[in-house]
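Each remark here refers to the structure printed beneath this line.
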Amino acid sequence: MRSQSRRRTLALLAAAVAVFLVAGGAPAQARPAPPDRVAPLGAEFLWGVAASGYQAEGHAPDSNWSRYVAQGKTDDPYFDSIDFYTRFRSDIALAAGLGVKVYRIGIEWARVQPAPGVWDEQGFRFYDELIAAIRAAGMRPMLTLDHWVYPGWEVDRGGWAGPGIVEDWLANARKVVDRYAAADPLWVTFNEPAVYVLNETRHGGISPAAAPAMFDRIAQAHNGIYDHIHAVQPGAMVTSNVAYIPAAEDAVNGATLVHRIADRLDFIGIDYYYGLSPDSLTSFSLAELWKNPLQPEGIYYALRHYARLFPDKPLYIVENGIPTENGMPRADGYTRADNLRDTVYWLQRAVADGIDLIGYNYWSLTDNYEWGSYAPRFGLYTVDVRTDPTLTRRPTDAVAAYTRITREGGVAPDYRPTRAPAACSLVDAAASCADPVAEPR
Ligand code: BGC
């Protein structure tokens, strides 16, 4: 099942790349010479950490995902994940210790609405306390309305395969927005819609034929809640973050959704994880994420891409990070700290080149349930759910690195990345091959 869906993903990706290459890609633009020194990102810059509800909370109510687990569609059981539900205060203290200003969480629809027309005060009280604790620790909440999880009763109604979900989704989202607008959060309506659709297809939530309808419904729901958010929270900042797809961003995210919600995005949220190179084109793995290539400079191309498309909108890296296999050192020898510093260097370069970047969230504060498996680890703090019943949060080398970055507004002005930019990466084929970003000599 996994290798079949991987082949489907690859076929989609290869087709998208072919379209892109035949079309010739975006014209290369002359790039400024690499500056010798990079300036810090300034006091207003929003350093943050990101997580989702289901992946971290534990004590999960009935949902599409609890059913996928019960149906044996995942490698690992869920257990209680990293038990954020009862440990959120100490995790918030860890985030505050990093010096970040934004803490992204998800509000689980399944937790607050256990049945049609019924909202659970106790479910809401958990988020009341969580949001109050984030604010009391001096951080701004970033709230995700849908990070791929919906209630079991909505599964029974057909989920995203049926038209009724849009009104059901909006009814819940309005309650959430009305309750939390006063906390002045940043809003994410849908997390990575294209990957949401892919995962629902992979796990049987919808049939592949229903994918276009799911995109239509997500667009309707996003546009509907955007107007509501702005009605109750004037000046709100709302996005739906894209999972940047190397070489195929327009063919995948652009064609399916971004352009249909573009006039209802206050900022462009971008998630950047992996690079692409000719030899990794056919070997991208959804199961062994730690085997996929890392090209930190690709974040520069991703930002550039969206700065060109939306010159008037600010950009925000809503997620970025790297996987290890069970917390072991990576085969390529790249450490979390080095990757983080290299990545931040490219953010500073993007800003130096005039890109309006307002924030960056690390995914994630701690390891968590990586949609079916505890093997890929993305945390600044590692947690061994499979073997450590105490669920102790152990710092990786990136904790000290990120703390220094938030204090100093970035890496040192004379920083040089530990990993040189790829000669001709496919993250942005035309720009990266014809006119690649370079390190100063
Ligand atoms: C998702 C997260 C996920 C992360 C790492 C993003 O696609 O939003 O839920 O854990 O990537 O794979």
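The values are calculated or read from the model by the stated rules, or taken from the named source; none is laboratory data. All values reported here derive from a predicted model rather than from experimental measurement. Cβ coordinates were reconstructed from backbone atoms using ideal geometry, including for glycine residues, and neighbour counts include every protein chain displayed. Surface accessibility is based on the protein's heavy atoms, side chains included, excluding ligands, DNA and RNA. Shrake-Rupley method; radii C 1.70, N 1.55, O 1.52, S 1.80 Å.
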(message) Which residue is farthest from Tyr272 (Cα to Cα), if the candidates are limited to region 413-441 and must be among the β-branched types (Val, Ile, Thr) and open to solvent by less than 20 Å² (accessible area, probe 1.4 Å)?
(response) Val437
(message) Any residue that is free of Cβ contacts under 8 Å to residues at least 40 places away in the same chain and part of a loop (DSSP other than H, G, I, E, B) - is there at least one of those in region 295-307?
(response) no
(request) Look through region 384-422, keep the residues that are in a loop (DSSP other than H, G, I, E, B) and aliphatic (A, V, I, L, M), and return whichever of them is nearest to Arg87 (Cα to Cα). (result) Leu391
(request) Any chance you could count how many residues in region 37-59 are within 16 Å of the ligand (Cβ to nearest atom) and in contact with a Phe, Trp or Tyr (Cβ under 8 Å, 6 or more places away or on another chain)? (result) 10
(message) Please go through region 224-251 and give me each residue that is in a loop (DSSP other than H, G, I, E, B), away from the ligand (no atom under 16 Å from the Cβ) and touching a residue at least 12 places away in the same chain (Cβ under 8 Å), ordered by number.
(response) Gln233, Ala236, Met237, Ala247
(request) Please work out if Gly275 is in a loop (DSSP other than H, G, I, E, B) and out of contact with any Phe, Trp or Tyr (no Cβ under 7 Å at 6 or more places or on another chain). (result) yes
(request) Would you please name the residue that is nearest to the chain's Cα centre (by Cα), looking only at residues in region 182-191 that are aliphatic (A, V, I, L, M) and open to solvent by 10 Å² or more (accessible area, probe 1.4 Å)? (result) Ala183
(message) Being of a type in the set (Phe, Trp, Tyr) and part of a loop (DSSP other than H, G, I, E, B) is true for just one of Phe79, Phe88, Phe124. Which residue is that?
(response) Phe79
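Residue by residue, here is whether (1) within 16 Å of the ligand (Cβ to nearest atom); (2) open to solvent by 50 Å² or more (accessible area, probe 1.4 Å); (3) more than 28 Å from Ser277 (Cα to Cα) holds:
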residue: Ser373; (1), (2), (3): yes, no, no
residue: Tyr381; (1), (2), (3): yes, no, yes
residue: Arg386; (1), (2), (3): no, yes, yes
residue: Ala398; (1), (2), (3): yes, no, no
residue: Thr403; (1), (2), (3): no, no, yes
residue: Val411; (1), (2), (3): no, no, no
(message) Quick check on this structure: which one of Leu365, Leu357, Leu294 is within 18 Å of the chain's Cα centre (by Cα) and away from the ligand (no atom under 16 Å from the Cβ)?
(response) Leu357
(request) Filter region 266-275 for residues that are surrounded by 19 or more Cβ atoms within 10 Å (Cβ to Cβ) and more than 16 Å from the ligand (Cβ to nearest atom) and give the result. (result) Phe267
(message) Restricting to region 307-325, and then to whatever is more than 16 Å from the chain's Cα centre (by Cα) and open to solvent by less than 50 Å² (accessible area, probe 1.4 Å), can you tell me which residue is nearest to the ligand (Cβ to nearest atom)?
(response) Thr324
(message) Checking Trp290 against (1) of a type in the set (Phe, Trp, Tyr); (2) touching a helix residue (DSSP H, G or I) at 6+ places or on another chain (Cβ under 9 Å); (3) within 24 Å of Arg330 (Cα to Cα), only one condition comes out false. Which one?
(response) (2)
(request) Within region 192-210, identify whether any single residue is buried (at least 18 other Cβ atoms within 10 Å of the Cβ), away from the ligand (no atom under 16 Å from the Cβ) and more than 21 Å from Leu257 (Cα to Cα), and answer yes or no. (result) no
(request) State whether the residues of region 356-366 include one that is open to solvent by 40 Å² or more (accessible area, probe 1.4 Å) and within 23 Å of Met139 (Cα to Cα). (result) yes
